[in-house]
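The next block holds one structure in the form of structure tokens; read it before the comments.
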Amino acid sequence: MKRLRRLAGVVACALMAIAGVGQDAAETDVSDVMPELLEALQRGLYDDVISEATKHITKAEKAGEPVSPQFLYARGYAASRIAWYGVTEADMAKIGDFAPGPGWKPASEWVAKVRLLKELAPPNVHEIDDGKDVIFRVYYEEESEWADTVIYTLPEAYRAVCELYGATLAETTVFMFGDGARFNEFYQAENDGAVPTSWGWAAGGNGLLYFCERDADGSRLAEPGSEYFRGAVAHEFSHCMLARYMGAVRLPLWLNEGLAMWCGGLLAPDDFAQNDVRIAQVLAQERELSAPELVTHDEFYAEDQASTAYVQGFAMTRYLESEIGMQGILQLLTLAREKGDFDEAFSEGLGVDYYTFYRMWLDASVGMVETGGFNTR
Ligand SMILES: [Zn+2]
């Protein structure tokens, strides 16, 4: 059987440090640094921008020099994208109507937006630290068993996901809402009117986390402390971490969801065995989705296909891992981030394109169904 190539230069055993742009940049002249920072903003590498801008801001402050509005804008903008609203408000409020160029909103508009979001955000704040740094800043509406259970589960999810990816993540903002209506209002204000495309009770797609206790009809969406509940927290934290790491580079849905399900399985171990049972059923009944369907948003998340898509994405991710190891997958992500394109990184790194990979997975898995290789209990 055709094998996947092991990624060349296997040295890194984790995601490259998340804040990695220009770590040793000697330039202090804003005109040298800003183009790189604006490009990083456009690539969605917000953690990098915050880290880099902070170095320049701190340096100027220590020297008693005026801080360039460009650095304050860059940091304030990046902070707004991961909901570090305090940072955005403080930085942008110092620079009036400044904008770094045409096409960038003036700082004053960011201040206004953040002030509105602060009004709509849940009023109470709880910080979770890892003994050193704040890892989650949780905004919640009222104390409840449900809210407590999310708060207890977050650091567990953090430890498991960080260990798998060999990376840490600076403070993540978490919004917890009692019902879907208030979540929707907040989400739309945050995303300039866009409505959430799909919504369960937990979401983590854009670098922050949302949880919502009750559906529109008042029913509770997930039983606190259940395996499903715990797994979902880790699942969404995986999305959050990968979004922060990859920025504007889109992972294919099967892999993004597959890795998230892997992370869910770290807190809900039965998920792995369940995946074996279910993928064997899907293949035995020839209900598997095609390669294009697994990379197309409307097909993947279509109501009648989504449950199969998740099972298949998880199974394909596990197959990829069996071929190149989790370290290989992390290297693939790092390569995609560097190249700015996942498909290119996949073909170059693994020596086959996605469609060939899909075929390899299908052949191997159908073979396993025929020989009883899946543990279907
Ligand atoms: Zn997901």
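Details
- All conditions in (1) within 16 Å of the ligand (Cβ to nearest atom); (2) more than 30 Å from ALA345 (Cα to Cα); (3) in contact with a helix residue (DSSP H, G or I) (Cβ under 8 Å, 6 or more places away or on another chain); (4) not assigned by TED's automatic domain parsing to the domain that holds SER347 hold for GLU185, with the sole exception of (1).
- Residue selected from segment 29-50 under the condition at pLDDT below 90 and in contact with a helix residue (DSSP H, G or I) (Cβ under 7 Å, 6 or more places away or on another chain), by the criterion farthest from GLY247 (Cα to Cα): VAL30
- ALA74 surrounded by 15 or more Cβ atoms within 10 Å (Cβ to Cβ), within 30 Å of VAL33 (Cα to Cα), within 23 Å of the chain's Cα centre (by Cα) and not polar (S, T, N, Q): yes
- Of the helices (runs of 4 or more DSSP H) contained entirely in segment 209-316, those carrying at least 1 residues that are touching a strand residue (DSSP E or B) at 6+ places or on another chain (Cβ under 9 Å), within 13 Å of the ligand (Cβ to nearest atom) and not polar (S, T, N, Q) fall at 227-246.
- ARG159 outside the structural domain of PHE229 (by TED's automatic domain parsing) and either over 19 Å from LEU45 (Cβ atoms) or basic (Lys, Arg) (or both): no
Each row is one residue, and each column tells you yes or no for (1) outside any helix (DSSP H, G or I); (2) surrounded by 20 or more Cβ atoms within 10 Å (Cβ to Cβ).
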site	(1), (2)
GLU321	no, no
PHE346	no, yes
GLY349	no, yes
LEU362	no, no
GLY367	no, no
GLY373	yes, no
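- Selection from segment 149-160 of residues that are touching a residue at least 40 places away in the same chain (Cβ under 8 Å) and either in contact with a Leu (Cβ under 7 Å, 6 or more places away or on another chain) or not hydrophobic (A, V, I, L, M, F, W, C) (or both): THR149, THR153, GLU156, ALA157, TYR158, ALA160
- Residue-level check: of (1) touching a helix residue (DSSP H, G or I) at 6+ places or on another chain (Cβ under 7 Å); (2) modelled with pLDDT of 95 or more; (3) surrounded by 14 or more Cβ atoms within 10 Å (Cβ to Cβ), PRO155 misses just (1).
- Restricting the first member to segment 32-49 and to residues that are assigned to a helix (DSSP H, G or I), and the second to residues that are of a type in the set (S, T, N, Q) and surrounded by fewer than 24 Cβ atoms within 10 Å (Cβ to Cβ), the beta-carbon pairs closer than 7 Å and six or more apart or on different chains are MET34/GLN70.
The values are calculated or read from the model by the stated rules, or taken from the named source; none is laboratory data. This is a predicted model, so every value here is computed, not measured. FYI the Cβ positions are ideal-geometry reconstructions off the backbone, even for glycines, and counts take in every protein chain you see.
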